[in-house]
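Encoded as structure tokens, the structure appears first; notes follow it.
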Amino acid sequence: MISMLRKIVLSLVILSMAIVHVNATEFYKLKTPTLDILNEIESNATQIYVSGVNGLSDEQLFMILDKNYNFKMDEDEVREAIDMYFNDKITAKQLEKIIIYHVKGTKFTKTITPKEIREELKCEILFLDEEYYLGNPYASLNLIKKERDEINWGWYNSPWYDCDDFAWMGMGILHKHKEPAATATFYTLVMFKWKGYAYGHALLLVKALDGKWYYVDPTTMKVFEKDAVPFEILFMMG
Ligand SMILES: [Ca+2]
Ligand SMILES: [Ca+2]
């Protein structure tokens, strides 16, 4: 218990230091983007799976079907896969795989450590756990959409109720659920340049089962690959 308390206090001290560092160097200089700017940048990046699910890896097929984010293929999800098959969205072979995952109770769980994440991302990261499950950004967005009762687009009102608040809201929804709470999903502050100005934004970054990093943006309700947008990461925590 004492060690847990010490860990929390230490984390808060490190977090305050990290935030002061970000503010001192970058954050106060950044403009707040409008929803139009965010939508313009992110809609160019939201191209994943538009050509259908043929050619997806097993992990990616699983990611788009595990809607309830429990790392298993449940009956509802198999039913959806059958519908997709009859609508020519997945192949017979893909459907067969999904049914086998369901029957065998296969769990798609892989883990990653802070050390491994540090080797991939060269930025300021505050890790609150020693190990994480690889996550599912599609399931994240699905859960946030389902439970975001407080969010109304008309309420976007910087700085009182904007991206930083929506990102906390998204993080809060994911952490109400046992499996999503354990994933490598980080509250992330980024900056980007747009038509001569530098902007700041807050959203979630997920290390996914397919090995890629994806942003989940609770402000615009979009999911897209990390490298598809010109965001430079200032700070991550989770
Ligand atoms: Ca599931
Ligand atoms: Ca705010």
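The values are calculated or read from the model by the stated rules, or taken from the named source; none is laboratory data. Small disclaimer: the values here were computed from a predicted structure and weren't measured. No Cβ is skipped: glycine too gets one built from the backbone with ideal geometry, and neighbour counts run over all protein chains shown.
Quick one: which residue in ILE125, ILE117, ILE112 is away from ligand 2 (no atom under 16 Å from the Cβ) and touching a helix residue (DSSP H, G or I) at 6+ places or on another chain (Cβ under 8 Å)?
Working: ILE117 fails: touching a helix residue (DSSP H, G or I) at 6+ places or on another chain (Cβ under 8 Å); ILE112 fails: touching a helix residue (DSSP H, G or I) at 6+ places or on another chain (Cβ under 8 Å).
None of the other options fit; the residue is ILE125.
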Every residue from the range 109-163 that is of a type outside the set (S, T, N, Q), farther than 16 Å from PHE186 by Cβ and part of a loop (DSSP other than H, G, I, E, B): LYS110, ARG148, ASP149, GLU150, ILE151, TYR156, PRO159, TRP160, ASP162
Residue in the range 61-108 that is farthest from ligand 2 (Cβ to nearest atom), counting only those that are free of Cβ contacts under 8 Å to residues at least 12 places away in the same chain and assigned to a loop (DSSP other than H, G, I, E, B): ASP88
For the range 59-75: of the residues being surrounded by 16 or more Cβ atoms within 10 Å (Cβ to Cβ) and of a type in the set (Asp, Glu), which is farthest from LEU141 (Cα to Cα)? GLU59
Exactly one of these conditions fails for ALA182: (1) crowded, with 19+ Cβ neighbours inside 10 Å; (2) touching a strand residue (DSSP E or B) at 6+ places or on another chain (Cβ under 6 Å); (3) in contact (Cβ under 8 Å) with a residue 40 or more places away in the chain. Give me its number. (1)
Could you run through the range 192-224 and say how many residues are free of Cβ contacts under 8 Å to residues at least 24 places away in the same chain and out of contact with any strand residue (DSSP E or B) (no Cβ under 8 Å at 6 or more places or on another chain)? 2
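Conditions (1) within 16 Å of ligand 1 (Cβ to nearest atom); (2) within 16 Å of the chain's Cα centre (by Cα), marked per residue:
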residue: TYR132; (1), (2): no, yes
residue: LEU141; (1), (2): yes, yes
residue: ASP149; (1), (2): no, no
residue: TRP155; (1), (2): no, no
residue: ASP164; (1), (2): no, yes
residue: PRO180; (1), (2): yes, yes
Within the range 35-47, can one find any residue that is modelled with pLDDT of 85 or more, surrounded by 11 or more Cβ atoms within 10 Å (Cβ to Cβ), farther than 27 Å from GLY135 by Cα and within 24 Å of the chain's Cα centre (by Cα)? yes
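For every residue, the table says whether it meets (1) assigned to a loop (DSSP other than H, G, I, E, B); (2) over 24 Å from PHE127 (Cα atoms); (3) aliphatic (A, V, I, L, M); (4) not assigned by TED's automatic domain parsing to the domain that holds LYS122.
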residue	(1), (2), (3), (4)
ASP165	no, no, no, no
PHE186	no, no, no, no
VAL190	no, no, yes, no
THR220	yes, yes, no, no
VAL223	no, no, yes, no
ASP227	no, no, no, no
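Looking at the structure I just gave you, is VAL78 at pLDDT 95 or above and of a type in the set (A, V, I, L, M)? Working first, answer last.
Numbers: at pLDDT 95 or above: yes; of a type in the set (A, V, I, L, M): yes.
The answer is yes for VAL78.
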